[in-house]
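*Asks:* This is the structure, below, for whatever I ask next.
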Amino acid sequence: MTDIKSMTLTELTDHIAGMGEPAFRARQLYQWMHAKCVSSLDDMTNIPKSLKARLRETEETNTDSSNSVDITCLKPIEVRQSADGTRKYLFELADSNLIESVLMRYKYGNTVCVSSQVGCRMGCRFCASTLGGLTRNLTPAEILDQIYRITNDINERISHIVVMGMGEPLDNYDNVIRFLNLIISEEGYNLSRRNITVSTCGLTGRIRDLADEGLGITLAISLHAPNDELRRTIMPIAEKYTIAEIAESAAYFFEKTGRRITFEYALSRGVNDTDECATELARLCRDLGAHVNLIPVNPVTERGYEPSGADRVSAFKNKLEKQGINVTIRRELGQDIDGACGQLRNRHGR
């Protein structure tokens with residue numbers, strides 16, 4: 001079957017033209033899927049029944065199946081509502097794998113954190129997503145449909161997207177780039193590229209590739225330690241890429257895009273929250289003009305890391321600010337609903 005939700009409008013137009021249909025039908029299909037976020041052909045009221053029938057052709061009907069299409073639609077298995085307004089979604093894919101998405105409500109709009117892989121192979125010590133390793137990459141349509149299902153569930157538009165759910169986005173590079181181009185498409189969801197953040201644990205070559213794409217999005221780098229020795233105890237990827245190499249790729253990204261880098265820094269009690277760590281981090285950020293987003297780490301039973309206390313978080317922030325670093329503290333959202341990446345999926349054992 002042909003995954004038409006992962007197609008660009010040009011590709012879809014060529015596909016529909018190959019069926020002998022007029023080009024405007026492709027635009028109609030595209031808008032139904034990406035602007036109106038419908039879940040099936042049945043919802044597309046201005047598509048002729050004859051075309052719908054051709055698009056539904058399968059081998060089981062003993063007809064030509066070359067036109068048969070798949071309109072990816074994720075199945076919500078569980079939705080948890082937090083006291084702070086956060087919603088955690090557990091979606092089932094067509095192959096029965098599970099992924100997670102999170103809706104976070106802010107004064108400036110609705111933000112959705114999407115997954116890019118089933119599982120993850122990066123092995124970060126504090127993250128539940130990596131516990132079972134990597135199962136597979138998500139298709140562009142599977143990443144998109146997390147946003148579309150949540151849009152329909154809350155009957156509100158999503159204004160911001162962060163690609164920092166399950167998986168390492170730059171480890172699924174081609175599919176994530178296609179997803180980004182689809183979500184910013186003016187004929188589709190038409191999300192502002194300035195409202196999109198992609199997070200990586202530091203795949204330096206791919207950071208440079210992303211800079212060259214010219215997408216105008218924000219890059220967040222999961223740093224979590226100010227020096228290589230400490231980072232290697234937290235993030236296995238640090239064995240391959242040094243902080244110096246990450247800094248070089250971050251500088252390249254800024255040079256090519258003009259977009260300031262954000263360093264994500266998950267504060268763990270007694271691990272990376274000392275004044276000495278803050279001083280080292282400030283030195284790195286000052287050279288790059290980077291913003292720091294402090295995150296009290298979500299406690300994950302299987303990992304053993306505990307969040308730094310409020311006083312320590314505040315002291316760490318103050319230490320950075322006194323050295324001229326722009327710092328924010330991420331609100332602690334969804335702890336009562338297994339808000340950390342991978343937690344809810346692991347509860348279901350797949």
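Any read-out appearing in this document is the output of simple, stated calculations on the displayed coordinates, not a laboratory observation. As the structure is a prediction and not an experimental result, all values here were calculated from the model. Positions of Cβ are generated from backbone atoms using ideal geometry, with glycine treated the same way; all protein chains shown enter the neighbour counts.
*Asks:* Using a simple charge model, +1 on the beta-carbon of Lys and Arg, -1 on the beta-carbon of Asp and Glu, nothing else, what dipole does the chain show about its Cα centre, in debye to the nearest 20?
*Replies:* Working: 43 positive and 47 negative charges, 173 e Å.
For this selection, approximately 820 debye.
*Asks:* Something else about it: Whole-Hz Karplus ³J(HN,Hα) for segment 225-238, in order, using 6.51 cos²θ - 1.76 cosθ + 1.60 and θ = phi - 60°, x for Gly and Pro?
*Replies:* With the stated coefficients, segment 225-238 comes to 7, x, 9, 5, 4, 6, 5, 5, 7, 9, 10, x, 4, 5 Hz.
*Asks:* Quick one: P(r) of segment 67-146 from all Cα-Cα pairs, 5 Å bins, percents rounded to integers, in order of increasing distance.
*Replies:* Whole-percent P(r) values from 0 Å outward: 3, 14, 21, 22, 19, 13, 6, 2, 1, 0.
*Asks:* Fewest Cβ neighbours within 10 Å first, please rank L170, L215 accordingly.
*Replies:* Values: L170 23, L215 18.
Ascending Cβ contact count within 10 Å gives the list L215, L170.
*Asks:* Using Cα atoms only, what is the angle between the long axis of helix 204-213 and the major principal axis of the chain, expressed in degrees (0 to 90) to the nearest 10?
*Replies:* That helix lies at roughly 50 degrees to the long axis.
*Asks:* Something else now. I need the semi-axes of the equivalent ellipsoid of segment 2-70: take the C-alpha gyration tensor, multiply each eigenvalue by 5, square-root it, list largest first in whole angstrom. Intermediate values should be presented prior to the final figure.
*Replies:* Values: eigenvalues 65, 37, 26 Å².
Semi-axes from the Cα gyration tensor: 18, 14, 11 Å.
*Asks:* With springs only between Cα atoms under 10 Å, which of L29, L51, L90 fluctuates most in a Gaussian network model of the chain?
*Replies:* In this elastic network of the chain, the residue with the biggest mean-square fluctuation among L29, L51, L90 is L51.
*Asks:* Computed over the Cα atoms of segment 144-250, what is the ratio Rg over Rh, Rh following Kirkwood? Don't skip to the answer; put the middle values down first.
*Replies:* On the way: Rg = 15.4 Å, Rh = 15.0 Å.
Reported Rg/Rh (Cα atoms, Kirkwood Rh): 1.03.
*Asks:* Name the lysines eligible as straight-distance cross-link partners of K5: C-alpha to C-alpha under 29 Å, and not fewer than 8 places from it in the same chain.
*Replies:* Within the straight-line cut-off, K5 pairs with K36, K49, K52, K75, K88.
*Asks:* Give the angle, between 0 and 90 degrees and rounded to the nearest 10, that separates the Cα long axis of helix 243-257 from the longest principal axis of the Cα atoms of the chain.
*Replies:* It works out to around 50 degrees.
*Asks:* Considering only DSSP beta bridges whose two residues both sit in the chain, what percent are antiparallel, to the nearest 5? Walk me through the numbers before you get to the answer.
*Replies:* Working: 21 of 45 bridges.
Antiparallel bridges make up about 45 percent of those DSSP assigns within the chain.
*Asks:* Out of these labelled values of Rg/Rh (Cα atoms, Kirkwood Rh), [x] 1.00; [y] 1.14; [z] 0.95, which was calculated from the coordinates shown here?
*Replies:* Matching entry in [x] 1.00; [y] 1.14; [z] 0.95: [x].
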